[in-house]
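See structure below.
The values are calculated or read from the model by the stated rules, or taken from the named source; none is laboratory data. From a predicted model like this one, the values you see are computed outputs, not experimental measurements. Note: ideal-geometry Cβ built from the backbone for every residue, glycine included; neighbour counts use all protein chains shown. SASA here: full protein model, heavy atoms, side chains in, ligands and nucleic acids out. Shrake-Rupley method; radii C 1.70, N 1.55, O 1.52, S 1.80 Å.
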Amino acid sequence: MFNWKKLGRVFNPADYAKGSWMKEYAQATSAVVHSNFVRVYFSSRGMQDRNGQYISRMGYIDLNRGNLFQIIDICKEPILPLGELGEFDEFGTNPVSVIRNGDEIRAYYAGWTRCESVPFNAAIGLAVSNNNGESFVRFGKGPVLSYSPDEPFVLGSPKIRKFKDIWYLWYSAGKKWVKNESKPEPIYKIRMATSTDGIHWIKNGEDLLKSMLNDECQASPDVFFYKGKFHMLFSFRHNLNFRESGRGYRVGYASSDDLRNWIREDSRAGITRSEKGWDSESVSYPYIFELDDKIFMFYQGNEMGKYGFGLAQLVDYS
């Protein structure tokens, strides 16, 4: 069982909203460790438009490597332009997962488009940075992982990792839309694709985890190797009324010896909601990283990261 000690909230965009393009939300963190700082990427939003719609865009903050609660820089503008008219990422880029690849940094992200019968669709794109991750250029006008006969819509929540020269992309894939009083909501499950170059992908074609809820949605699977096996921390929630207490995202856990067959044991995740405060209603979208021989987790709190993200440290595993 993992035991994570919550260290506190690192960043709340509302504290820096004046004069900034970031007004609300710091969602789905991912990081690159540099010699003197840790650059944390996430998706943020301006204010809603007159129709109540948001547009999510990618940004970052830099944290002092020796004190992860000291913010030393905040990006002045979004690091990736939105797609052009009719392209898959015209209406948003959220979430994002980054990885260093030689001298470049790659960002895998979900691009959003708006629809008529359902609110949105999404596919996974790739952007590349050659200036140390300060800005990115799209690999192309379309996604690198998109819909297919058995994954017909809503491909999102990408998490990129590399093990033994093989690229692994974990993501969520839509299964069906469920009608609701206000708007339809999708059910999606965690899947995986592999690649030898991080560009051309082969889908595994199977849901990786058994569902524990009748209407379960699964997202944001982060995988790391520790103590002789692979571990996955992910998010799951109810499909409908997930903004009500007890139905929103929480962190689940699974383990594997081969990255394809997973045993789910959510009680071993080791992190839950706080009794009060910014993460008292929801804890989700974990990102695991190692820094100076310690293992940390960034995670988002209430209302899908509207009030920022926090930090936890692994203190025990048994």
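Out of Gly142, Gly133, I need the residue that is modelled with pLDDT of 95 or more, in a loop (DSSP other than H, G, I, E, B) and open to solvent by 30 Å² or more (accessible area, probe 1.4 Å). Which one?
Numbers: Gly133 fails: open to solvent by 30 Å² or more (accessible area, probe 1.4 Å).
That would be Gly142, the only listed residue that is modelled with pLDDT of 95 or more, in a loop (DSSP other than H, G, I, E, B) and open to solvent by 30 Å² or more (accessible area, probe 1.4 Å).
Does any residue of the stretch 65-74 turn out to be acidic (Asp, Glu) and farther than 23 Å from Leu311 by Cβ?
Let us first name the residues in the stretch 65-74 that are acidic (Asp, Glu), namely 73.
From the residues that got through so far, the ones that are farther than 23 Å from Leu311 by Cβ too are none.
Looking for residues that are acidic (Asp, Glu) and farther than 23 Å from Leu311 by Cβ, one finds none in the stretch 65-74, hence no.
Quick one: in the stretch 150-169, which of the residues that are under 25 Å from Arg114 (Cα atoms) and among the charged types (D, E, K, R) is surrounded by the most Cβ atoms within 10 Å (Cβ to Cβ)?
Lys159
Please find, within the stretch 274-318, the residue that is surrounded by the fewest Cβ atoms within 10 Å (Cβ to Cβ) out of those that are of a type in the set (A, V, I, L, M, F, W, C) and over 24 Å from Lys162 (Cα atoms). Break it down into steps so the answer makes sense when it comes.
Taking the stretch 274-318 and keeping what is of a type in the set (A, V, I, L, M, F, W, C), we get 278, 283, 288-289, 291, 295-298, 304, 309, 311-312, 314-315.
If we keep only those that are over 24 Å from Lys162 (Cα atoms) too, we end up with 278, 283, 304, 309, 315.
Working: Trp278: 20, Val283: 26, Met304: 20, Phe309: 26, Val315: 12.
Out of the qualifying residues, it is Val315.
Looking at (1) more than 30 Å from Ile74 (Cβ to Cβ); (2) open to solvent by 30 Å² or more (accessible area, probe 1.4 Å); (3) assigned to a strand (DSSP E or B); (4) not small (Gly, Ala, Ser), which is the only condition Met192 fails?
Result: Met192 fails condition (2) only.
Quick check on the stretch 114-122. Is at least one of its residues closer than 20 Å to Ala193 by Cα and assigned to a strand (DSSP E or B)?
Yes - at least one qualifying residue is present in the stretch 114-122.
Which residues, taken from the stretch 1-28, are in contact with a helix residue (DSSP H, G or I) (Cβ under 8 Å, 6 or more places away or on another chain) and surrounded by 18 or more Cβ atoms within 10 Å (Cβ to Cβ)?
Phe2, Met22, Glu24, Tyr25, Ala26, Gln27, Ala28
Filter the stretch 94-129 down to the residues that are under 14 Å from Ser157 (Cα atoms) and either free of Cβ contacts under 8 Å to residues at least 24 places away in the same chain or aromatic (Phe, Trp, Tyr) (or both), then identify the one that is most open to solvent (accessible area, probe 1.4 Å). Walk me through it before giving the result.
Residues of the stretch 94-129 under 14 Å from Ser157 (Cα atoms): 94-98, 107-112, 121-126.
Adding the requirement that they be either free of Cβ contacts under 8 Å to residues at least 24 places away in the same chain or aromatic (Phe, Trp, Tyr) (or both) leaves 108-109, 112.
Values: Tyr108: 0, Tyr109: 2, Trp112: 81 Å².
Looking at the filtered set, the residue picked out is Trp112.
From the set of residues in the stretch 223-266 that are touching a His at 6+ places or on another chain (Cβ under 9 Å) and under 22 Å from Val96 (Cβ atoms), which is surrounded by the most Cβ atoms within 10 Å (Cβ to Cβ)?
Val223
Looking at the stretch 175-184, can you tell me whether even one residue there is more than 20 Å from Asp150 (Cβ to Cβ), open to solvent by less than 10 Å² (accessible area, probe 1.4 Å) and in a loop (DSSP other than H, G, I, E, B)?
no
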